[in-house]
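K.L.:
One structure is given below, represented as structure tokens, and several questions about it will come after.
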Amino acid sequence: MTPPFDSSSLSSAEKDALIATLLARIDDLTKRLEALEKENAALRERLQLPPKTPDNSSTPPAKGQKSSSDTTPRPKGKAHPGAHRPLHPSPTRKRDLVAEHCPHCQADVSGVAQAPMHTYDRIEIPEIKPDVTRVTLHGGVCPCCTKRFRAAPPAGLEPGSPFGPNLRAFAIYLRFAHAISLERLSRLMSDLLGLEISEGALVNMLRDSRPAFARQTSLIRARLLAGTILQSDETSVRVGKRNWWTWVFHHADDCCFVIRPSRGKDVVEEFLGDVRPGFWVSDRFAAQMGWAKTDNQVCLAHLIRDAQYAIDAVDTAFAPGLRALLQEACGIGRRRHALADATLRSYGRKLDAKLDALLRITPTHAAGKKLQTAIKGCRRHMFVFLDNRAIPPTNNGSEQALRPCVIYRKVTNCFRSEWAAHLYADIRSVIETARRRAIGVLDAIRSTLEGLPLAERAATPRAVPHPSG
């Protein structure tokens, strides 16, 4: 037990010094206590905030909380007309059959005029086996100059990789369009095609295709930069042991991906070079703003989710009206093709007037105040789509373009090397551009490997509906 402190032996000066020291410690403890109380109050306030969900933030749908639903089968709804498989537009062969005997009385009907009564397809695939061409180049000694000679290889069958363009296109398609791992792809080639291809040979096959896809991607980029509108977004990706970002730049029927170790303006500057588009569509991320010569269109879908978060935080004054206004604006954007220019201008004036009235409202929660400040900062970029029909009101197209990249990231755990990441970005650019142009993925890959622009190869024929009797 500590004995009581005896101050009788201290002088007046020592007592004054001790009192000053104790007062300083008390003052320091008081400041620390006040700081802890403020921190505690801030934490309690954060506990009152709603959780971030896919409905009120940019949280990915996969991270959203999914509630259990009733597993009881629902009664069948309104009946709909039946459907049938359409006939193939170009069958391999046709068989026209006529009846020889009546199935009822067995009379001879071979001479009776008969019309088509029932047409159908029977589909089968042939035996899958590799087509192997063995090339032997003969040679000898020239009797004239006594030097050795050898026959020239035929075009398309030069020495080098034993794998032809169709097999290479098939491997690239499975690897990058369906995220099949190299181990499974090697086993699939053995089981399905009877070909033993090692993982190393597959890697070499992919590496050799880099120049072809880089050329095709450069053509896509050139077409994008020649336009007046660009849309962009980005998502994270893992390359080696570092965090990189997959960027998408697109508009209309062209789409270009790049994977870089940065999320900043330097990536956009590298992609654009000296070109500056007239309009830019993106979220409010700083790296994607300020590149348009004329104006930016911010994503209204992001703002709707931000408004929903403020509503969940119980801002009843400002956020509900803003969400209704943004939803109305998106609805107008979906109907633009049927509206006259004068009607769009009238809608624009009404939306601006409603927004002015909303901005005069005092929010009832800090989340609403934060949202109102953000709206004041970007309001001139909110309704640009009403003046240009080619500009979308949201950046959902960018998120949809990035979705396959996110799935590929989750399935394959990303990339071990930088060259593989760059190759994936180029291949994804070709695949997405082909999809927007209604070109089959395999056709697009073959065109790229052959050095042809995507527009020069026709799309794979699709089956068309055909009535059967």
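The values are calculated or read from the model by the stated rules, or taken from the named source; none is laboratory data. What you see is a predicted model, and the numbers here were worked out from it, not measured in a lab. Positions of Cβ are backbone-derived with ideal geometry, glycine not excepted, and every protein chain shown enters the neighbour counts. Just the protein is used for accessible areas: all its heavy atoms, side chains included, with ligands, DNA and RNA removed. Shrake-Rupley method; radii C 1.70, N 1.55, O 1.52, S 1.80 Å.
K.L.:
Might you report the magnitude of the Cβ-based charge dipole of the stretch 224-332 about its Cα centre, with Lys and Arg at +1 and Asp and Glu at -1, to the nearest 20 debye? Please report the intermediate quantities before stating the final value.
P.N.:
Working: 11 positive and 14 negative charges, 85 e Å.
The dipole of the stretch 224-332 has a size of about 400 debye.
K.L.:
Relative to the compact-globule scaling 2.2 N^0.38 Å, provide the ratio for the alpha-carbon radius of gyration of the stretch 241-392.
P.N.:
1.16
K.L.:
Further question on the same structure: Working with all protein chains in place, sort Y309, Y408 by solvent-accessible area computed with a 1.4 Å probe, largest first. List each step's numbers first, then the result.
P.N.:
Working: Y309 35, Y408 10 Å².
I get Y309, Y408, largest accessible area first.
K.L.:
How far, in nm, would the chain grow between R184 and T30 when pulled straight, counting 0.36 nm per residue and subtracting the alpha carbon separation?
P.N.:
Length difference between fully extended and current span is 48.9 nm.
K.L.:
Pairing the Cα long axis of helix 396-412 with the longest principal axis of the chain, what angle in degrees results, from 0 to 90 and rounded to the nearest 10?
P.N.:
Once rounded, the angle reads 80 degrees.
K.L.:
How fast does the stretch 274-314 diffuse by Stokes-Einstein, in µm²/s, taking the Kirkwood radius from C-alpha pairs at 25 °C and 0.890 mPa s?
P.N.:
So the translational diffusion coefficient is about 213 µm²/s.
K.L.:
In the chain, once you exclude exposed GluC sites (Glu not before Pro) (DSSP loop, at most 14 other Cβ within 10 angstrom), what's the longest stretch remaining? Mind showing how you got there, number by number?
P.N.:
On the way: sites that count: E100, E124, E127, E196, E450.
Maximal segment without exposed cleavage sites: 197-449.
K.L.:
Accessible surface of L193 in the full protein assembly, 1.4 angstrom probe, to the nearest 10 Å²?
P.N.:
Roll a 1.4 Å probe over it and L193 shows about 30 Å².
K.L.:
Within the set of other residues whose C-beta is less than 13 Å from the C-beta of N396, count the net charge using Lys and Arg as +1 and Asp and Glu as -1. Provide the component values of the computation, followed by the final result.
P.N.:
On the way: positive: R305, R334, R403; negative: D233, D283, E399.
Result for the local shell: 0.
K.L.:
I'd like the accessible area for W419, computed on protein heavy atoms only with a 1.4 Å probe and all protein chains in place. Round to 10 Å², please.
P.N.:
Taking all protein chains as shown, W419 has close to 60 Å².
K.L.:
Something else about it: Given N residues in the stretch 6-156, what is Rg(Cα) / (2.2 N^0.38 Å)?
P.N.:
Details: Rg = 47.2 Å, N = 151, 2.2 N^0.38 = 14.8 Å.
After normalising by residue count via 2.2 N^0.38 Å, the value is 3.19.
K.L.:
I've got another one for you. K350: which lysines have alpha carbons under 20 Å from its alpha carbon, excluding same-chain residues fewer than 8 sequence positions away?
P.N.:
K376
K.L.:
Compute from the Cα atoms of the stretch 196-330 the Rg and the Dmax, the latter being the longest Cα-Cα distance, and quote both in angstrom.
P.N.:
19.5, 68
K.L.:
Can you give the local net charge around S161? Use residues other than it whose beta-carbon is closer than 10 angstrom to its beta-carbon, Lys and Arg +1, Asp and Glu -1. Numbers along the way, then the final one.
P.N.:
Details: positive: R168; negative: E158, D208.
Overall, the nearby charge balance is -1.
K.L.:
Going Cα to Cα from K129, which lysines come in below 26 Å? Please leave out same-chain ones fewer than 8 positions away.
P.N.:
K129 reaches K94.
K.L.:
Take the alpha carbon atoms of the stretch 282-367, find their radius of gyration, then divide it by 2.2 N^0.38 Å using N residues; give the quotient. Please list the in-between numbers first.
P.N.:
Numbers: Rg = 14.5 Å, N = 86, 2.2 N^0.38 = 12.0 Å.
That ratio works out to 1.22.
K.L.:
For the stretch 71-170, state what percent of all Cα-Cα pairs lands in each successive 10 Å bin, counting from 0 Å until the bin that includes the largest distance.
P.N.:
It works out to 8, 17, 15, 16, 15, 13, 8, 5, 2, 0, in whole percents.
K.L.:
When the dipole is taken about the Cα centre of the stretch 345-438, and only Lys, Arg (+1) and Asp, Glu (-1) are charged at their Cβ, what size is it in debye, to the nearest 20?
P.N.:
For this selection, approximately 360 debye.
K.L.:
Could you state the number of Å between the C-alpha centres of the stretch 11-37 and the stretch 127-166?
P.N.:
94 Å
K.L.:
Given that just one value was derived from the coordinates, which of [x] 23.8; [y] 22.5; [z] 29.3 is Kirkwood radius over Cα pairs in Å?
P.N.:
It is the value labelled [z].
K.L.:
What number comes out for accessible area per residue over the chain if the probe is 1.4 Å? Units Å², please. Mind dumping the intermediate values first?
P.N.:
On the way: 30290 Å² over 469 residues.
I get 65 Å² per residue for this part.
K.L.:
Out of the total accessible area of the stretch 253-372 (probe 1.4 Å, heavy atoms of protein only), what percent is carbon and sulfur?
P.N.:
Its accessible area is 52 percent carbon and sulfur atoms.
K.L.:
Same structure, new question: Starting from the amide H of L195, placed 1.01 Å from N in the peptide plane, find each other amide H under 5 Å away whose residue is 5 or more places distant or on another chain.
P.N.:
S190
K.L.:
Run the 1.4 Å probe and let me know the accessible area of D356, rounded to the nearest 10 Å².
P.N.:
60 Å²
K.L.:
Using heavy-atom solvent-accessible surface (probe 1.4 Å) with all chains present, what is the largest-first order of F163, F257, F149?
P.N.:
F149, F163, F257
K.L.:
Sticking with this structure for a sec: Would you calculate the separation in nanometres between label points at K38 and R379, each defined as 7 Å from the Cα along the Cα-to-beta-carbon direction?
P.N.:
That separation, rounded to one decimal, is 3.2 nm.
K.L.:
Right, another one. Leaving ligands, DNA and RNA out of it, rank T136, T394, T119 by accessible area with a 1.4 Å probe, largest first.
P.N.:
Sorted by accessible area, descending: T136, T119, T394.
K.L.:
Using all C-alpha to C-alpha distances in the stretch 129-255, build P(r) with 10 Å bins and read off the rounded percent in each one.
P.N.:
Answer for the stretch 129-255: a P(r) of 9, 25, 27, 20, 12, 5, 2 percent.
K.L.:
Just list whichever of K38/K369; K38/K370; K31/K370 have alpha carbons separated by over 25 Å in the model shown.
P.N.:
K31/K370
K.L.:
On a 0 to 90° scale, report how tilted helix 418-436 is relative to the longest principal axis of the chain, with both axes built from alpha carbons and the result rounded to the nearest 10.
P.N.:
It works out to around 70 degrees.
K.L.:
OK, next. When we measure straight from the Cα of K265, which lysines land under 18 angstrom away, once same-chain ones fewer than 8 places off are left out?
P.N.:
K293
K.L.:
Here is a follow-up. For the stretch 280-290, what does the Karplus curve 6.51 cos²θ - 1.76 cosθ + 1.60, with θ = phi - 60°, yield as ³J(HN,Hα) per residue in whole Hz, taken in order and with x for Gly and Pro?
P.N.:
With the stated coefficients, the stretch 280-290 comes to 9, 10, 6, 7, 8, 5, 4, 5, 9, 9, x Hz.
K.L.:
Rounded to the nearest 10 degrees, what's the angle between the helix 341-359 long axis and the longest principal axis of the chain, both from Cα atoms, 0 to 90?
P.N.:
Approximately 30 degrees, to the nearest 10.
K.L.:
Can you give the calculated 222 nm mean residue ellipticity of the chain, where each DSSP H run of n ≥ 4 adds -39,500 (n - 2.57) and the sum is split over every residue, rounded to the nearest 500 deg cm²/dmol?
P.N.:
-13500 deg cm²/dmol
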